[in-house]
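Have a look at the structure below before the remarks.
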Amino acid sequence: MLSFKMGLFKSCSIVLTTLLLVLFATKVEAQQSSVTISIINANKRPIPFATVKATAATDSARGIQKVTDSSGKAVFQLTRGIQYVISVTSVGYAEAEKRVMVTGDNTFTITAQPSSAALGGVTVTSTRPIMRQEDDKTIVDPENLATSSTNAYEILEKTPGLFVDQDGNVYLSSTTPAKIYINGREQRMSTADIATILKSLPPNSILSIEILRTPSAKYDASGGGGIVNVVLKKGVRIGFTGSVNTGFYQGVYGNQFIGLNLNNSSGKLNTYVNLQYSRRNSYDQIKTDRLYAVDSILRQDAYTLYPGNSFYVGAGFGYELSKKWELNYDGRINLNKANNSTVNGSAISKISNGELITSNVADVRNKNNSSSISQSISTKYKIDSTGSEWTTDLSYTGNPGTSNQTFNTNFIVPGHTPIGGNGDIETKFNFYSLASNALFKLPKKFTVETGFKSTIVTFRNDADYFRQNDGSRTVDTFRTAAFKYKENINSAYLQASKNISGIIVKVGVRVENTNMEGNQLLPKDTSFNIHRTDLFPYVYISRNLMTIMSYELKAYLVYRRTISRPSYDLLNPFPRYIDPYLYETGNPALRPQFTQNYEANISVNDRPIFALGINDTKDIFTNVIYQSDSSKSLAYRTYDNLGTNKETYFRILGAIPPGKKYFIVAGAQYNHNHYQGLYENKPLSFKRGSWSIFSYQTLKLTSTTQLTLNGFARFNGQLQFYELSSFGALNFSINKQLLKKKLTVSLSATDVLFTNNNKFSIAQGTVNATGYRESDTRRLGLNIRYNFGFRKKEDNNMFNIESPEKTN
């Protein structure tokens, strides 16, 4: 423990010292000042995402353009003693302009008035970037992506820089999955449950997607793979709006949906309602060849169907109690019904002469009924006019579900009486959260943030299984189980930031007290208790490097220590039947893993273009396949702590060329992993590097017609210890606006070349297997959306880069 603390202290000291030396050694230009432009409306409320341009009054050819953050502020580095013209445009507001004289680190406030054209029902056009950097997070505007998607899950699949695997895990910079948040609240559920919720969310209910690759101390320390925060819409600024949308995607099987969105803003009250019904079906096919003896091979071909229906309703309101107090309520209900079925043919034969030893066909059917209920109440208190505020959030999420599984195996060679069985599974998941955060804007550009959070998770799983053999029905003692789990995490954080001569320094620390209790009631006691307290430091430093042709080049250095705790589904020892030769089970002895992340990145005009980082993980746990002790032909899939992993990555992103009719953004990322430890009590050393590239392009054919292309490719991929062949996807869509831009029709095609499938192999310990996996990814879709009431349109551009204006 002492060595661990000393190692942590040493690493923090090295990071702090290195970052400070690198940045403060750079010469700070004395004539540059940090100027904050604050945009508010007539009610003195901030206007987020407004476009602000600063142009020298004596040189209109050079201008710097930015977008206000969520607090309505944009920060510029401007030259002292120069007069600037500040112009502001925002959806629903008339253009505003103000001349300012920079005398130091000034703050200017500009009030934007509602646009008379907007009030008269005319479409207002403004420019808003699809992707931009705000402090330590990247914000994605999903408007263009929503027009060719049927749900929120598909939007994440198409978001540039995000990679979603076939099991629903979302990856950012590392090979550790990111945590999924909705409206700033972590979804403490299994990957499958989160994917189900995202697939039921309407595509145009999303306001933005926040990507935090290295979250600050304000966020839970369990974000080793980063955080993806899906922010839902909560009404608009002016009047009553709404939309009706419907569509389908057809591959081998198909998805269909229909939805309604209503938003109303009247004075101090904002309300919204979102409804969607969707029906979906797809397939997944996995072919595997596994060696389990010197001269024997097991060949399997599993074909799974995933039909399901879901209904979603979301509603909420925001009410301004006074000039200082705000009250918000958000509620969501998801009802899901699924009937999955898998047909798996298996054959064991000799390698030397091809002699067939045995073959059978297993039929597994799962009927699932689940629901998700989320309720939250939050308050905001504006402490002063500088942006100081106090927020409190109380939320609850419940996810009860029942499922029935039937399985039957028919033996072909040699002939044998079929065996099978069935089971009823009931799960109850509850998540309670209370969080309170305070932000203080102090003199001399000094900001202090502090807060606390307490969460409680309860989970109960009961499974009753029976076996059917030769006409007799007996209790299946292997699968019958009962498991209880309770988790309580209490945390607090403190962080402060200051602009020091153009250098922004933010330092924080988070303390988390973890209490986990698990108890398997049947068939045997596997109780465990974990009680520990950990510290998680955070350092963030940024500064403007230079301005070239009105483009601001900014550098960032970030460090944070994080923890990845095993979720309840990874701890649950209940064995889940896959086929006669494979089952999966949780591991109650699984320990949390700790990661230290170091990243340096560069942005241009707040648009990220390059990043280099290291993830150094201790006590890593990952998905493994072990040989069963009872039979050489039986294996089980679980999670285990293996040792250490050092991951090095770099990412590059750029837009060529900047323009209004045609736009392209392209990026590439390289990851190299080096695992060291023990696998089945034998030394493990595993190295692998992989490349990922992606692109997003738009072409405006006319003022109301747009062609979009997006895609990705991954070379020499990796999924835990599985080595993957190259795979990717190419997607097209064409959008047409009709009826005075109130009706949008989108025709889409996904995975046109059907390349989003891969071969895989694993050779670790006693497991040696190869295989192939494909899904129902090649699809043709139609999406129709009609907007009514006052509707605002944005002209989206990924980087919002403008060429310098020409003077006559």
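The values are calculated or read from the model by the stated rules, or taken from the named source; none is laboratory data. Predicted model only: the values in this text are computed from it and were never measured. Backbone-built Cβ (ideal geometry, glycine too); neighbour counts: all protein chains shown. The protein model used for the area step is the full one, side chains on, heavy atoms only, and it has no ligands, DNA or RNA in it. Shrake-Rupley method; radii C 1.70, N 1.55, O 1.52, S 1.80 Å.
Of the residues making up the range 395-438, those that are free of Cβ contacts under 8 Å to residues at least 12 places away in the same chain and touching a Gly at 6+ places or on another chain (Cβ under 9 Å) number 0.
Restricting Asn601, Asn597, Asn587, Asn645 to those that are within 27 Å of the chain's Cα centre (by Cα) and closer than 30 Å to Asp363 by Cβ reduces the list to Asn587. Only a single item in (1) closer than 28 Å to Gly518 by Cβ; (2) in contact (Cβ under 8 Å) with a residue 40 or more places away in the chain is not met by Arg607, and it is number (1).
Among the listed residues Leu327, Leu291, Leu321, which satisfies the condition of being more than 23 Å from the chain's Cα centre (by Cα), modelled with pLDDT under 90 and either surrounded by fewer than 17 Cβ atoms within 10 Å (Cβ to Cβ) or among the β-branched types (Val, Ile, Thr) (or both)? Lay out the reasoning, then the answer.
Working: Leu327 fails: modelled with pLDDT under 90; Leu321 fails: modelled with pLDDT under 90.
Selected residue: Leu291, the only one of Leu327, Leu291, Leu321 that is more than 23 Å from the chain's Cα centre (by Cα), modelled with pLDDT under 90 and either surrounded by fewer than 17 Cβ atoms within 10 Å (Cβ to Cβ) or among the β-branched types (Val, Ile, Thr) (or both).
Residues that are in a loop (DSSP other than H, G, I, E, B) and small (Gly, Ala, Ser) within the range 578-613 comprise Gly586, Ala589, listed in sequence order. Mind listing just one residue for me: the one in the range 101-147 that is open to solvent by 10 Å² or more (accessible area, probe 1.4 Å), more than 18 Å from Lys53 (Cα to Cα) and among the polar types (S, T, N, Q) and, of those, modelled with the lowest pLDDT? Step by step, filter the range 101-147, then rank; the result is Thr123.
Might you let me know whether the range 186-202 holds any residue that is open to solvent by 50 Å² or more (accessible area, probe 1.4 Å), over 15 Å from the mean Cα position of the chain (by Cα), of a type in the set (A, V, I, L, M) and closer than 30 Å to Ile625 by Cβ? The answer is no, given that none of the residues of the range 186-202 is open to solvent by 50 Å² or more (accessible area, probe 1.4 Å), over 15 Å from the mean Cα position of the chain (by Cα), of a type in the set (A, V, I, L, M) and closer than 30 Å to Ile625 by Cβ. Thr514 meets each of the listed conditions (1) under 30 Å from Leu442 (Cβ atoms); (2) surrounded by 16 or more Cβ atoms within 10 Å (Cβ to Cβ); (3) under 28 Å from the mean Cα position of the chain (by Cα); (4) not charged (D, E, K, R) apart from (1). Flag: Phe732 matches the condition of being over 22 Å from the mean Cα position of the chain (by Cα) and within 20 Å of Asn757 (Cα to Cα). Here the condition is being over 25 Å from Val364 (Cα atoms), touching a residue at least 24 places away in the same chain (Cβ under 8 Å) and either of a type in the set (Val, Ile, Thr) or touching a Phe, Trp or Tyr at 6+ places or on another chain (Cβ under 6 Å) (or both); of Gly316, Gly259, Gly224, it holds for Gly316 alone.
For the range 614-630, does any single residue satisfy the condition of being surrounded by 16 or more Cβ atoms within 10 Å (Cβ to Cβ), in contact (Cβ under 8 Å) with a residue 40 or more places away in the chain and not in a strand (DSSP E or B)? For the range 614-630, residues surrounded by 16 or more Cβ atoms within 10 Å (Cβ to Cβ), in contact (Cβ under 8 Å) with a residue 40 or more places away in the chain and not in a strand (DSSP E or B): absent. When the range 540-567 is filtered for residues that are β-branched (Val, Ile, Thr) and surrounded by 23 or more Cβ atoms within 10 Å (Cβ to Cβ), the ones remaining, listed by number, are Ile541, Val558, Thr562.
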